Amino acid sequence: MDRATYPGGVRAPAHKRTAETQVEALSVPARLVVPLSQSLGAPSRPIAQKGETVKKGQMIGRPDGYISAAVHAPTSGAVAGLERIIDAATGRPADAIAIEPDGDDAWTDGVGEPRPWQDLDADAIREAVADAGVVGMGGATFPTHVKLKPPKGKDVDTVLINGAECEPYLTCDYRVMLDRAEDIVTGLRLCMRATGAERGSICIEDNKPAAIACVREAVRSQDGCDVRVFQTKYPQGAEKQLILAGLGREVPTGGLPADVGVVVQNVQTACAVADAVVRGIPLIERVLTVSGDAAAVPGNFRVRIGTPVARLLAKADVADGFEELILGGPMMGKDQFTTDLYVTKGTSGILAMRRAAAGEGGPCIRCGACIRHCPSYLNPSRLSTLGESFLDGNLDAIDIAMDHGLMDCILCGVCAYVCPARRRIIHLIEMMRGERRKALQREREKEQAQKAERMREGEEVGL
């Protein structure tokens, strides 16, 4: 199934000038600020106290719920305290643990040592991954141990390792495929064992021939594993599009990849799984790309979690006066309003742009470009006009948008990219989804209040 692909999408300029830049390991900064919210789900609960001495790899944040991930000290040193920072994913204040390194970079006991892993069962693999705080490193940050435990009644037969890296500018996954192909394959095998899958594929776009050759060599002797080559197109690396292109399976509306027997992991996540299970190393560092037209010396860097973004901007020789800062890629990344941010497990890229993207666009001109290119077969134009209608006071607009696939949108940004009127389609869709979630929360709270009232009335009459 060479050059597999799916309907829709766009061929955006790649801007991957860091593709041939080898990964540079940055030294530990003078101060690390480690966010406690580093996964999709509940933030971890701080367990390290101010003044406490911690070692590299020591847990400093305990998961606070099933959908949550552990956080570990990226180096040894003293805990300076709990701080309030800006969460780059939400733009809201969040808690973080500040650490002042002691320069020893000393591991905590039992961490970083090789472990016998070849005979581990699924539960043991998931436990090691959970203990290491591994999350999806392509940007979604869903806790990996949860993903590796398919829901009851969902049989997974295939694991896909996502090496598409279809976002412009980003090349960190490409460099990881060149540098750590064997670890990616080991991570794939562990994910297959944890999910019970008999088949595994590493998925790479055809603009990365060196990575294809490297990974094919590493996977050559592994039964049930192969490399699949995909057509270079955005958003080829989106889970649903990868599954459709590679396997011909369509994830149902509101469904998950497990509904069609698939689990998808990013290539760096696969490496983190191998580190966790084979070496007992928690997720305390990652490879990311620093680029953008304001970066004089862009590159790929291996950095500790909690590294200040400002230090990476300085490393890439980003001059003062740039207008736009994006964490992630330019299509699905998040615009930031401050540089006072810190690297998390999900920070795949840091882009500094000289000029910010254009602001408000005009009215829809009914050209149909967004419909032709939408990889989710939606009508983004209709959704955006419903969003404007809601802002004008039409409270029924969100219910109508639900009937038009509001929750099927993957927020890839293709519609806004191809729109000649430069409409803020994604902003309007995200706004409506947020309002929908608020409405559902209000309904739940109302039902709980009514239930509590009925219980109180029952007690009063002696029922």
Worksheet item: Condition test on LEU383, is it at negative phi, under 24 Å from the mean Cα position of the chain (by Cα) and in a helix (DSSP H, G or I)?
Response: no
The correct count of residues that are more than 30 Å from VAL176 (Cβ to Cβ), assigned to a helix (DSSP H, G or I) and open to solvent by 20 Å² or more (accessible area, probe 1.4 Å) in the range 343-380 is 2
Can you find a residue in the range 19-29 that is of a type in the set (A, V, I, L, M, F, W, C), surrounded by fewer than 16 Cβ atoms within 10 Å (Cβ to Cβ), out of contact with any Phe, Trp or Tyr (no Cβ under 8 Å at 6 or more places or on another chain) and part of a loop (DSSP other than H, G, I, E, B)? no
Given the conditions (1) in contact with a strand residue (DSSP E or B) (Cβ under 7 Å, 6 or more places away or on another chain); (2) not assigned by TED's automatic domain parsing to the domain that holds ALA421, every one holds for MET332 apart from (1)
Quick check, is VAL146 closer than 13 Å to VAL263 by Cα, out of contact with any helix residue (DSSP H, G or I) (no Cβ under 7 Å at 6 or more places or on another chain) and at pLDDT 95 or above? yes
Scanning the range 266-325 residue by residue, the ones that are farther than 26 Å from GLU100 by Cα and assigned to a loop (DSSP other than H, G, I, E, B) total 11
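Looking at the range 102-124, can you tell me whether even one residue there is in contact with a Phe, Trp or Tyr (Cβ under 8 Å, 6 or more places away or on another chain), in a loop (DSSP other than H, G, I, E, B), over 18 Å from VAL287 (Cα atoms) and assigned by TED's automatic domain parsing to the domain that holds ILE281? Talk me through it step by step, then tell me what you get.
As a first pass, look at the range 102-124 and keep what is in contact with a Phe, Trp or Tyr (Cβ under 8 Å, 6 or more places away or on another chain): none.
No, the range 102-124 contains no residue that is in contact with a Phe, Trp or Tyr (Cβ under 8 Å, 6 or more places away or on another chain), in a loop (DSSP other than H, G, I, E, B), over 18 Å from VAL287 (Cα atoms) and assigned by TED's automatic domain parsing to the domain that holds ILE281.
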Filter the range 215-248 for residues that are touching a strand residue (DSSP E or B) at 6+ places or on another chain (Cβ under 7 Å) and open to solvent by 50 Å² or more (accessible area, probe 1.4 Å); the one that is nearest to ASP179 (Cα to Cα) is ARG216
Of the listed residues (ALA12, ALA30, ALA88, ALA78), the one being under 21 Å from the mean Cα position of the chain (by Cα), assigned by TED's automatic domain parsing to the domain that holds GLU113 and either farther than 30 Å from GLU127 by Cα or not hydroxyl-bearing (Ser, Thr, Tyr) (or both) is ALA88
Picking from ASP293, ASP317, the residue that is within 17 Å of ARG355 (Cβ to Cβ), at pLDDT 95 or above and not hydrophobic (A, V, I, L, M, F, W, C) would be ASP293
By residue number, the members of the range 76-124 that are out of contact with any helix residue (DSSP H, G or I) (no Cβ under 9 Å at 6 or more places or on another chain), in contact (Cβ under 8 Å) with a residue 12 or more places away in the chain, acidic (Asp, Glu) and farther than 21 Å from THR141 by Cα are GLU83, GLU100, ASP102, ASP104, ASP105, ASP109
Going through the range 209-223 in order, the residues found to be over 13 Å from ASN162 (Cα atoms) and modelled with pLDDT of 95 or more are PRO209, ALA210, ALA213, CYS214, ARG216, GLU217, ALA218, VAL219
- Message: Yes or no: the range 10-18 includes at least one residue that is hydrophobic (A, V, I, L, M, F, W, C) and at pLDDT below 95.
- Response: yes
| request: Inspect all residues belonging to the range 299-311 and state whether any of them is of a type outside the set (Asp, Glu), within 26 Å of GLY61 (Cβ to Cβ) and either in the same structural domain as GLY434 (by TED's automatic domain parsing) or without any contact (Cβ under 8 Å) to a residue 40 or more places away in the chain (or both). | output: yes
**Report entry** Residue check for GLY133: farther than 29 Å from GLY9 by Cβ, open to solvent by less than 10 Å² (accessible area, probe 1.4 Å) and in contact with a Lys or Arg (Cβ under 8 Å, 6 or more places away or on another chain)
**Finding:** yes
Of (1) open to solvent by less than 60 Å² (accessible area, probe 1.4 Å); (2) in contact with a Gly (Cβ under 8 Å, 6 or more places away or on another chain); (3) under 21 Å from THR347 (Cα atoms); (4) aliphatic (A, V, I, L, M), ILE86 satisfies every one except (2)
Considering residues that are farther than 19 Å from VAL303 by Cα, crowded, with 21+ Cβ neighbours inside 10 Å and of a type in the set (A, V, I, L, M, F, W, C), the number found within the range 30-47 is 0
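Just the residues that are crowded, with 19+ Cβ neighbours inside 10 Å and either of a type in the set (Ser, Thr, Tyr) or at positive phi (or both), please, taken from the range 395-416. Outline the logic, then answer.
Taking the range 395-416 and keeping what is crowded, with 19+ Cβ neighbours inside 10 Å, we get 397-398, 401, 406, 409, 412-416.
Scanning the range 395-416 gives a single hit, GLY413.
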Just to be sure before I move on: is SER384 in contact with a Leu (Cβ under 8 Å, 6 or more places away or on another chain) and among the polar types (S, T, N, Q) in the structure I sent?
yes
Scanning the range 238-255 residue by residue, the ones that are in contact with a helix residue (DSSP H, G or I) (Cβ under 9 Å, 6 or more places away or on another chain), of a type outside the set (Val, Ile, Thr), touching a residue at least 40 places away in the same chain (Cβ under 8 Å) and assigned to a loop (DSSP other than H, G, I, E, B) total 1
Sole miss for GLY333 among (1) modelled with pLDDT of 95 or more; (2) open to solvent by less than 30 Å² (accessible area, probe 1.4 Å) is condition (1)
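The values are calculated or read from the model by the stated rules, or taken from the named source; none is laboratory data. Here the structure is a predicted model, which means the values were calculated and not measured. Cβ atoms come from the backbone with ideal geometry, glycine included; neighbour counts cover every protein chain shown. Side chains are part of the model used for accessible areas, which takes the heavy atoms of the whole protein and leaves out ligands, DNA and RNA. Shrake-Rupley method; radii C 1.70, N 1.55, O 1.52, S 1.80 Å.
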